[in-house]
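Peer 1: Got a structure for you, written out below as C-alpha cells; questions coming shortly.
The values are calculated or read from the model by the stated rules, or taken from the named source; none is laboratory data. Given the structure is predicted, the values throughout are model-derived calculations rather than measurements. Counting neighbours? That spans all protein chains shown, and the Cβs are built from the backbone with ideal geometry, glycine included. The area values use the complete protein model at the heavy-atom level, side chains included, leaving out ligands, DNA and RNA. Shrake-Rupley method; radii C 1.70, N 1.55, O 1.52, S 1.80 Å.
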Amino acid sequence: TLNTVHRYSLIYGILLNTQTHQNEMRFPISTPLLLLLQARPHAGVRAFTSPFLSQALASTCTSAFIHRNNKNKSPGSFRKLSTNAPEATLSTDDVDVEMSDIVEAANASRAITTTSTSVASFGSLPYVNTSLLSSKSQHRVLFILGGPGAGKGTQSEKIVENFKCIHLSVGELLRTERQRGNESPHAELIESCLVAGKIVPVEISLNLLRNAMDEATQKSKDGDGDSYGAPIFLVDGFPRNFDNLAGWTKEMPEYAAVIGSLVYDCPIDVLEHRIMGRAATSGRSDDNLESARKRFKTFQGQTMPVVRALEEVEKMEIEEEGIGRLHVQHIEGTGTIDEVWDATKTTMNRFLINDVVTANSLLMKAIAEKNVDLYTELCNDTYLEGEGDDTTVEGTFKEYELLEADNTSEVSNASVEIQDGTKAVVTYERTIKDPTGETIAEFRESRVWSHGQKGWTCIHFLRKPLSEP
C-alpha cells in the first residue's frame, strides 16, 4: 500500500505495451515500457495512483501512443506519423468534380479552423495551440464521414467510450426532429429528403448541431454525470456537400473550430450487406437497398469532393505553417470492428496531443509568470491540496514550482504519451539559468495529465537530474 512506501520516494509504474527503442527515449526504457515516476510525497500522487495505475497495470495498455520530437525532421513531420489507415481510396478521377472547383472550395473554407487555433512549439515539439478555444468557449469539432453503413456510428460509440468525446449524428438529429411531427416546421421536408437520399438544407442541420453542442456543453458545466471539459464533438455525417461546407464556413467559426476529419472508406457491396443486415431492427425508413444506393451515390458525387477540399485546406496550412491545424485521416472500414478501431484510436491519440501540450505549455507560462490563478485552473484539485504545514494553493505553488526565482527556464526534447484517451504524460528537459545566463540546474521533468471536468489538468509531476542515469 502507499502507506508502506518511504515518504520521500514513491515509485510506481505505468505499463505501456508499445514498440520503442532505448535510444529514442530521454530516460532508460525497455519494452514493454515501464515508466517509473519518482516523486516527493504529494496529495496529487493519490489522484494519479488509484484508478489510473490499477487499470494500467491490469491490462496490456494497447492504446498507448508515443509522439517524440525528432531533430532531423521538419516541423511538418508532426502530422506525418504512420498509422494503419490507408490513403484515400477515391482519387479526383473518381468524382465528377473539377480539381479547380475543389481548390476553390478549399480556399473559401480556410476559416473553418478559426483564428482561435495557431501553430506553436514546445521544447522543439510542434503542436496546434488550442488555448483560445477554451477561453472563448468555442467547440472542438471532428467531422466523421463515410458512406452509409461504413461504421461511423459504431466507431463513434467507441471513441465516446474511450476518449470521452460527444457524438452528434446529423442524421439522428434530423430523424429526431422529423419525429416531432407537427411540432417541427421542418419535419415533412426532412422526411422527404431522407427517403429520397437527398441532403437536407444546411440551415436546418447547422441549427440542430449548434443547439446540441451548446446543450451538451451546459450539461458538462452543470456537472451532469461524468463531465469532461473542452470535449471534442464528433459531428457524424456532415458536411455532405459543398453547400454544407460553405454554410459551416459562414455560420459556425464563431462557435466551433474544425480540428479534422475521420473518413471511413468502404466499397458499395460491403455497405449494402451491412445496411440490409441492420434493416430488420433499425426501424429506419432509409434502411433499404434503393435508398442505400442513392445515399452512396450522393456520398461519392457530393461528399468525397468535400473530403478532397478539406485535404487541400490541410495541405495549404502545412505549406504556410509547417503543420496543419486541420487533419484529414482516411481509415479502411472493411475490416473487423476491432481492426477499424485500432486505426481510429491511433488517429484520435494524435488529436489529443494538441490539447495536452497546450495545457503543459500554459502551465509552464503560469510558473514563469508566478500566475497562481492560471496555475490553479490547470491543476487537479487534489494535486493543489499539497501536504505539510501550508496546504493552500499558494503554499503548494511555492513549495513545488518556484525553483527559478528571477532565473530563466528553457525547455527542450519534449515528448508526449497518450494513455487510454484520458491520461497523458508530457516529458521534457529543463535548463535553469541565472540572470547572467549561467546554467545552474538541468533536469528531466514529466507532467502527468488527466481529462476531467476542468479539461486537461496536471495531477502529478516528477523531476530527475540529467546527471542521473
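Peer 1: Filter region 342-383 down to residues that are of a type outside the set (S, T, N, Q), modelled with pLDDT under 90, open to solvent by 20 Å² or more (accessible area, probe 1.4 Å) and assigned to a helix (DSSP H, G or I), then give me how many there are.
Peer 2: 2
Peer 1: Just checking, does region 165-182 include any residue being in contact (Cβ under 8 Å) with a residue 12 or more places away in the chain, closer than 28 Å to GLU332 by Cα and assigned to a loop (DSSP other than H, G, I, E, B)?
Peer 2: Yes, the conditions are met somewhere in region 165-182.
A quick yes/no check of all residues on (1) of a type in the set (Ser, Thr, Tyr); (2) within 19 Å of the chain's Cα centre (by Cα):
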position: SER137; (1), (2): yes, yes
position: LEU142; (1), (2): no, yes
position: SER156; (1), (2): yes, yes
position: GLU161; (1), (2): no, yes
position: THR176; (1), (2): yes, no
position: ASN182; (1), (2): no, no
position: VAL200; (1), (2): no, no
position: GLN218; (1), (2): no, no
position: LYS221; (1), (2): no, no
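Peer 1: How many residues does region 135-152 hold that are surrounded by 20 or more Cβ atoms within 10 Å (Cβ to Cβ) and not in a loop (DSSP other than H, G, I, E, B)?
Peer 2: 9
Peer 1: Within region 91-114, can one find any residue that is within 17 Å of GLU314 (Cβ to Cβ), under 16 Å from the mean Cα position of the chain (by Cα) and not β-branched (Val, Ile, Thr)?
Peer 2: Looking for residues that are within 17 Å of GLU314 (Cβ to Cβ), under 16 Å from the mean Cα position of the chain (by Cα) and not β-branched (Val, Ile, Thr), one finds none in region 91-114, hence no.
Peer 1: Pairs only if they're at least six apart or on different chains, beta carbon under 6 angstrom, first in region 329-347 and farther than 18 Å from VAL307 by Cβ, second assigned to a strand (DSSP E or B); list them, first residue then second.
Peer 2: Listed pairs, sorted by first residue: none to list.
Peer 1: Which one is surrounded by the fewest Cβ atoms within 10 Å (Cβ to Cβ) among residues in region 195-244 that are under 26 Å from GLU290 (Cβ atoms) and of a type in the set (Gly, Ala, Ser)?
Peer 2: Ranking the candidates gives ALA196 first.
Peer 1: Would you call LYS398 outside any strand (DSSP E or B), closer than 21 Å to SER124 by Cβ and open to solvent by 20 Å² or more (accessible area, probe 1.4 Å)?
Peer 2: Values: outside any strand (DSSP E or B): yes; closer than 21 Å to SER124 by Cβ: no; open to solvent by 20 Å² or more (accessible area, probe 1.4 Å): yes.
Judged against the criteria, LYS398 is not a match.
Peer 1: Do you know which of the residues in region 437-450 that are touching a residue at least 60 places away in the same chain (Cβ under 8 Å) and out of contact with any Leu (no Cβ under 8 Å at 6 or more places or on another chain) is surrounded by the fewest Cβ atoms within 10 Å (Cβ to Cβ)?
Peer 2: Ranking the candidates gives SER450 first.
Peer 1: Could I ask something else about it? List pairs: first in region 235-250 and touching a residue at least 12 places away in the same chain (Cβ under 8 Å), second open to solvent by 20 Å² or more (accessible area, probe 1.4 Å) and charged (D, E, K, R), Cβ under 6 Å, 6+ apart or cross-chain?
Peer 2: Hits for this filter: ASP236/LYS152.
Peer 1: Return yes or no: is TYR255 open to solvent by 10 Å² or more (accessible area, probe 1.4 Å), modelled with pLDDT of 70 or more and of a type in the set (Phe, Trp, Tyr)?
Peer 2: yes
Peer 1: Still on this model: From LYS152, LYS219, which residue is in contact (Cβ under 8 Å) with a residue 24 or more places away in the chain and of a type in the set (D, E, K, R)? Quick ask: steps written out before the conclusion?
Peer 2: Details: LYS219 fails: in contact (Cβ under 8 Å) with a residue 24 or more places away in the chain.
Criteria check complete, one pass: LYS152.
Peer 1: Between SER467, SER446, SER415, which is farther than 30 Å from VAL160 by Cα and of a type in the set (Gly, Ala, Ser)?
Peer 2: Values: SER446 fails: farther than 30 Å from VAL160 by Cα; SER415 fails: farther than 30 Å from VAL160 by Cα.
Selected residue: SER467, the only one of SER467, SER446, SER415 that is farther than 30 Å from VAL160 by Cα and of a type in the set (Gly, Ala, Ser).
Peer 1: Restricting region 319-341 to residues that are assigned to a loop (DSSP other than H, G, I, E, B) and open to solvent by less than 10 Å² (accessible area, probe 1.4 Å), which is farthest from LEU132 (Cα to Cα)?
Peer 2: GLY333
Peer 1: GLN155 versus (1) open to solvent by 20 Å² or more (accessible area, probe 1.4 Å); (2) part of a helix (DSSP H, G or I); (3) within 29 Å of ALA343 (Cα to Cα): which is the lone unmet condition?
Peer 2: Among (1) open to solvent by 20 Å² or more (accessible area, probe 1.4 Å); (2) part of a helix (DSSP H, G or I); (3) within 29 Å of ALA343 (Cα to Cα), GLN155 violates only (1).
Peer 1: Looking at GLU387, is it assigned to a strand (DSSP E or B) and at pLDDT below 95?
Peer 2: Working: assigned to a strand (DSSP E or B): no; at pLDDT below 95: yes.
Considered against the rule, which asks whether it is assigned to a strand (DSSP E or B) and at pLDDT below 95, GLU387 comes out as no.
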